[in-house]
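Chemist: Dumping the structure here so I can ask a few things about it.
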Amino acid sequence: ESQERMACAVADGDVEEFMGYAAEENLEATVIAEVTAEPRMRMAWNGVAIVDLSREFLNSNGAPKHQVAHVCARSVWQPSWAGTTLAERMTSLVTDLNVASNKGLSERFDSTIGAATVLMPFGGKTQLTPSSAMVAKFPVDGETTTASAMAWGFNPYLMEADQFAGAYLSVVESIAKLVAAGFEHKRAYLSFQEYFERLRTEAERWGKPMAAVLGALMAQVDLDAGAIGGKDSMSGSFEDEAGELNVPPTLISFAVAVGKAARAVSPEFKGLTHRVVRIAPATYGQDYRPDAQQLLAAFDAVEALTATGDALAVSTPGYGCGAESLFKMCVGNQIGIELAEDVDVESLFTPLYGSFIVELAEDAELPEVADGVVVEPLGTTVEGYVIDTGSEVIELSELQEAWESGIEGVFAYRSAGEAAEVETIDFRAKDIHVYGGAKIARPRVVIPVFPGNNCEYDSVRAFRAAGAEADTFVINNLTPEAVAESTHELARRIRASQIVMIPGGFSGGDEPDGSA
């Protein structure tokens with residue numbers, strides 16, 4: 001249950017070296033057990049055996065437990081956005097609280113902490129198109145081309161109607177978002193966040209997490225992606241039974257993968273007169289689950305395009321279907337789209353989990369796709385900021401305003417920026433001094449790293465780029481002796497430096513009082 005503690009299995013010959021690395025990073029590390037061939041767990045205290053249990057007993061959790069679960073009949077979620085014209089339906093869609101811009105909420109958190117961000121949370125010149133995934137390089141001393149990515153999948157309405165399909169599609173959506181961001185599905189691992197109403201002893205309530213776990217397990221088997229972590233809670237009921245409020249059945253899938261930063265793709269349209277295609281499994285069930293083999297083949301097709309750089313922008317539809325994806329792809333650079341003549345507009349409002357909308361480079365060649373994968377033209381990007389169906393033209397500037405206004409009354413983000421005056425600084429030649437051939441002293445910078453600090457590597461990189469010599473120094477507070485030693489060493493390094501820089505974060509665990 002704790003984020004601060006981890007258990008590591010280390011080869012016997014590596015223990016001493018491992019403990020040394022932990023001490024360097026000011027991490028408490030203790031050898032607590034030894035793996036044995038005999039299937040028993042033994043614990044001793046002061047030389048006296050106090051626990052001696054068989055592995056078989058532990059596997060049973062001590063005693064058999066039984067609970068009757070009743071999985072109720074599944075129903076089908078039917079998304080609906082009011083209106084008779086496409087413009088009316090799009091307005092209804094973009095003002096839906098699940099689709100409306102959440103930039104004001106998102107920017108209450110510092111999502112750009114550190115200098116390793118690869119994909120900004122919102123892309124394009126307007127910084128409005130939400131990214132499919134978090135992508136950042138690993139925080140290391142020096143330069144790396146390796147990045148980690150994380151995406152999530154969950155539709156509460158779908159989960160409420162059908163826990164099995166809802167959980168299955170949570171997994172599909174999370175992995176599809178990774179693929180859309182330029183990562184490979186074969187390298188994905190999952191972590192589940194589960195949250196259900198208080199189960200008590202009611203069979204129908206127990207049936208909901210049972211169906212959800214089975215759906216998530218089926219998705220893992222079908223897509224060959226294992227869940228290696230997660231957290232569950234069965235206490236999402238509030239007030240008394242007469243007026244009880246229950247959370248919807250919840251299984252959120254988080255997918256993570258490692259890949260090359262250069263392959264990262266953001267979803268906003270990049271240029272004009274580019275072809276836009278949809279790549280999707282051909283077969284979907286009534287519960288919106290795609291055929292697993294066709295889905296994997298669709299993943300392969302998109303990955304082939306991102307590997308060669310032929311995919312300039314990729315989005316994968318979720319709750320708001322293809323219509324939401326297309327709209328958000330347009331707003332980042334205020335580029336419109338002219339839909340192909342034979343596009344079924346209704347398909348833009350149909351859940352197609354595991355499908356992809358791809359903007360192709362001018363000279364891109366579509367990869368060969370397996371049977372069961374559909375590649376169809378959706379349209380062409382155009383200069384006019386519109387969605388043009390041939391029979392109806394939707395002005396996206398008006399749609400964008402409705403979208404941005406959705407929750408702005410609660411989480412504002414535009415007014416302050418628009419009201420501020422921007423001062424332009426004119427750097428002329430007189431401001432720049434060149435010392436031809438002269439040797440300039442390089443100031444030394446010491447960066448103490450207290451428990452809870454972060455961005456020390458970014459700080460070092462910035463100082464070095466500016467011409468300084470910078471080094472980090474981890475403050476060790478594991479023992480009183482280590483504190484004294486670190487204090488003396490820090491004082492010595494400060495005397496040998498011209499600059500002391502304390503990086504950001506929760507220095508000293510924010511004890512005793514915030515940043516004091």
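The values are calculated or read from the model by the stated rules, or taken from the named source; none is laboratory data. Keep in mind that what you see is a predicted model, and the values were worked out from it rather than measured. Every residue, glycine among them, receives a Cβ derived from its backbone with ideal geometry; neighbour counts consider all protein chains shown.
Chemist: Can you tell me how many residues in segment 173-209 are touching a residue at least 24 places away in the same chain (Cβ under 8 Å) and either within 30 Å of LYS260 (Cα to Cα) or touching a Leu at 6+ places or on another chain (Cβ under 7 Å) (or both)?
Modeler: Total meeting the criteria: 23.
Chemist: When SER459 is evaluated against the numbered criteria (1) surrounded by 15 or more Cβ atoms within 10 Å (Cβ to Cβ); (2) at pLDDT 90 or above; (3) more than 27 Å from GLU143 (Cβ to Cβ), which criterion, by number, is the only one it fails?
Modeler: Evaluating SER459 over (1) surrounded by 15 or more Cβ atoms within 10 Å (Cβ to Cβ); (2) at pLDDT 90 or above; (3) more than 27 Å from GLU143 (Cβ to Cβ) leaves (3) as the failure.
Chemist: Would you check if LYS125 is over 30 Å from GLY236 (Cα atoms), of a type in the set (Lys, Arg), in contact (Cβ under 8 Å) with a residue 24 or more places away in the chain and outside any strand (DSSP E or B)?
Modeler: yes
Residues checked against (1) surrounded by fewer than 10 Cβ atoms within 10 Å (Cβ to Cβ); (2) at pLDDT 90 or above; (3) assigned by TED's automatic domain parsing to the domain that holds THR479; (4) not in a loop (DSSP other than H, G, I, E, B):
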site	(1), (2), (3), (4)
ARG5	yes, no, no, no
ALA29	no, yes, no, no
ILE32	yes, yes, no, no
GLU38	yes, yes, no, no
ALA49	yes, yes, no, yes
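Chemist: Going through GLY467, GLY437 one at a time, which residue ends up being more than 30 Å from SER101 (Cα to Cα) and either modelled with pLDDT under 90 or assigned to a helix (DSSP H, G or I) (or both)?
Modeler: That would be GLY437, the only listed residue that is more than 30 Å from SER101 (Cα to Cα) and either modelled with pLDDT under 90 or assigned to a helix (DSSP H, G or I) (or both).
Chemist: Just give me the residues in segment 168-215 being modelled with pLDDT of 95 or more and of a type in the set (Val, Ile, Thr), in sequence order.
Modeler: If the condition is that a residue be modelled with pLDDT of 95 or more and of a type in the set (Val, Ile, Thr), then VAL171, VAL172, ILE175, VAL179, VAL213 are the ones that fit.
Chemist: Here is a further query. Quick one: is ASP224 free of Cβ contacts under 8 Å to residues at least 24 places away in the same chain, in the same structural domain as PRO130 (by TED's automatic domain parsing) and not basic (Lys, Arg)?
Modeler: It is false that ASP224 is free of Cβ contacts under 8 Å to residues at least 24 places away in the same chain, in the same structural domain as PRO130 (by TED's automatic domain parsing) and not basic (Lys, Arg).
Condition check ((1) assigned to a helix (DSSP H, G or I); (2) farther than 30 Å from ALA219 by Cα) across all residues:
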position	(1), (2)
LEU93	yes, no
ARG108	no, yes
GLY114	no, yes
ALA136	no, no
PHE164	yes, no
LEU178	yes, no
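Here is a yes/no grid of residues against (1) among the charged types (D, E, K, R); (2) within 27 Å of ALA212 (Cβ to Cβ):
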| position | (1), (2) |
| --- | --- |
| GLU25 | yes, no |
| GLU28 | yes, no |
| ILE32 | no, no |
| MET41 | no, no |
| ILE50 | no, no |
| SER60 | no, yes |
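Chemist: Taking segment 280-323, which residues are touching a strand residue (DSSP E or B) at 6+ places or on another chain (Cβ under 8 Å), of a type in the set (A, V, I, L, M) and closer than 28 Å to GLY336 by Cβ?
Modeler: Listed by number, the residues that qualify are ALA280, ALA298, ALA301, VAL302, LEU305, ALA311, LEU312, ALA313, VAL314.
Chemist: Out of all the residues in segment 256-265, is one or more modelled with pLDDT of 95 or more and within 30 Å of VAL76 (Cβ to Cβ)? Explain how you work it out, then say what you get.
Modeler: At the first step, the residues of segment 256-265 found to be modelled with pLDDT of 95 or more are 256-265.
Still in the list and also within 30 Å of VAL76 (Cβ to Cβ): none.
No, the conditions are met nowhere in segment 256-265.
Chemist: Which residue out of ASP232, ASP287 is surrounded by fewer than 21 Cβ atoms within 10 Å (Cβ to Cβ) and either part of a helix (DSSP H, G or I) or modelled with pLDDT under 95 (or both)?
Modeler: Step by step, each of ASP232, ASP287 is checked, and only ASP232 is surrounded by fewer than 21 Cβ atoms within 10 Å (Cβ to Cβ) and either part of a helix (DSSP H, G or I) or modelled with pLDDT under 95 (or both).
Chemist: Additional query: For segment 72-90, which residues satisfy the criterion of being β-branched (Val, Ile, Thr) and either assigned by TED's automatic domain parsing to the domain that holds LEU396 or under 29 Å from the mean Cα position of the chain (by Cα) (or both)?
Modeler: The answer is VAL76, and nothing else.
Chemist: Could you pull out the residue among ALA23, ALA9, ALA69 that is at pLDDT below 95, of a type in the set (A, V, I, L, M, F, W, C), part of a loop (DSSP other than H, G, I, E, B) and not assigned by TED's automatic domain parsing to the domain that holds PRO451?
Modeler: ALA9
Chemist: While we're here: Taking the options PHE57, PHE109, name whichever one is free of Cβ contacts under 8 Å to residues at least 24 places away in the same chain and surrounded by 10 or more Cβ atoms within 10 Å (Cβ to Cβ).
Modeler: Just a single option satisfies the conditions, and that option is PHE57.
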